[in-house]
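The values are calculated or read from the model by the stated rules, or taken from the named source; none is laboratory data. Computed from a predicted model, the values in this text were never measured in an experiment. Because the Cβ atoms are built from the backbone with ideal geometry, glycine has one as well, and the counts that use them run over all protein chains shown. With ligands, DNA and RNA removed, areas are computed over all heavy atoms of the protein, side chains included. Shrake-Rupley method; radii C 1.70, N 1.55, O 1.52, S 1.80 Å.
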Amino acid sequence: MAEGLRERKKRQTRQFISDVATGLFLERGFDAVTIAEIARAADVSVNTVYNYFPAKEDLFFDRSKGLVDRLSRFVRARHEGESAAAAVLRELREEVESVSPKVGLIEGYERFMKVVHGSAALQARLWHLQREQYDDLEATLRQETGAADGDPLPGLMAGQINWVHQTLMAAIAHEMIAGRKADVVSREALALLDEMEDLLSETVLNYAVKAAG
């Protein structure tokens, strides 16, 4: 369905406010910037900012929906004969090999993560997003396998797969903050993925294999 004029203006306004806020956060740090300052810089009212972003943390993590269902999307799109863990490992390898900004392999990512590390509020929100990602993945695995409500396996498997993703992202962030080049970090991240796959049990690697047809 084509986007209407009203919807397009709202989307553009939201993006503009987010961009202005991000610039201020990167320049001065998250905690030092107020909603009132963001509103003035974006030439909108404080109420307008809150209409689009209920909390200041939402301005920083304005694309969090893509993070929360990220692993679930990988699992749902897995190939025939491919397990949930294998699909996630494949997708992550493809992103790392292509030096994708989706895994933080981009110039400027270190500035983003330094802001996160400098704010307890952002660290708490990031932890919450990671928990939502785990919950979303568990629900997807339960649905994909038809597991009963009391079956612990979807939660256990979601924990293992989520560990791979979080460990990879943390390792990349650490190296990018240290000033390493993205292509160098990419090669090291691929080796890390291999090491983590070796640590996963056969039970994990063969869970939720997609049936043919």
> Among rounded, prolate and oblate, which fits region 9-57 when a ≥ b ≥ c are the square roots of the eigenvalues of its C-alpha gyration tensor, a/c under 1.5 means rounded, and a/b larger than b/c means prolate?
Replying inline: prolate
>> Which order do you get for Met169, Met176 if you rank them by accessible area with a 1.4 Å probe, largest at the top?
In response: Met169, Met176
> Just the projected area, averaged over all directions, of the convex hull on the alpha carbon atoms of region 88-202: how many nm²?
Replying inline: 7.8
> For Ser45 and Asn206 in the same chain, what is the full-extension length gain: residue separation times 0.36 nm, less their Cα-Cα distance, in nm?
Replying inline: 52.7 nm
> In terms of Cα to Cα distance under 28 Å, which lysines are near enough to Lys114, apart from those fewer than 8 places away along the same chain?
Replying inline: Lys56, Lys65, Lys102, Lys181
> Based on the inverse mean of 1/r over its pairs of different Cα atoms, what is the Kirkwood hydrodynamic radius of region 113-168, in Å?
Replying inline: 12.4
> Excluding ligands and nucleic acids, what accessible area in Å² is computed for Ser64 using a 1.4 Å probe, to the nearest 10?
Replying inline: 40
> How would Phe112, Phe16 rank on accessible area, largest to smallest, probe 1.4 Å?
Replying inline: Phe16, Phe112
> When the dipole is taken about the Cα centre of region 1-77, and only Lys, Arg (+1) and Asp, Glu (-1) are charged at their Cβ, what size is it in debye, to the nearest 20?
Replying inline: 420
> For region 39-114, which GluC sites (Glu not before Pro) are in a loop by DSSP, counting at most 12 other Cβ atoms within 10 Å?
Replying inline: Glu80, Glu107
> Hey, if you put +1 on the Cβ of every Lys and Arg and -1 on every Asp and Glu Cβ in region 1-145, which of Thr145, Ser119, Val88 ends up farthest toward the positive end of that dipole?
Replying inline: Ser119
>> Between region 141-156 and region 49-84, how far is it from one alpha carbon centroid to the other, in angstrom?
In response: 21
> For q = 0.14, 0.15 Å⁻¹, what log10 I(q)/I(0) does the chain give under the Debye formula with an equal point scatterer on each alpha carbon and no solvent?
Replying inline: -0.95, -1.04
>> Keeping all protein chains in place and using 1.4 angstrom, which order do Ile106, Ile161 fall into by accessible surface area, from largest down?
In response: Ile106, Ile161
> Using +1 on the beta carbon of Lys and Arg, -1 on that of Asp and Glu, and nothing else charged, what's the dipole of the chain about the Cα centre, debye to 20?
Replying inline: 960
> Is region 78-149 best put as rounded, prolate or oblate by its Cα gyration tensor, with a ≥ b ≥ c the root eigenvalues, rounded for a/c under 1.5, and otherwise prolate when a/b is larger than b/c, oblate when not?
Replying inline: oblate
> Per the Kirkwood formula on distinct C-alpha pairs, the Rh of region 1-102 is how many angstrom?
Replying inline: 16.2
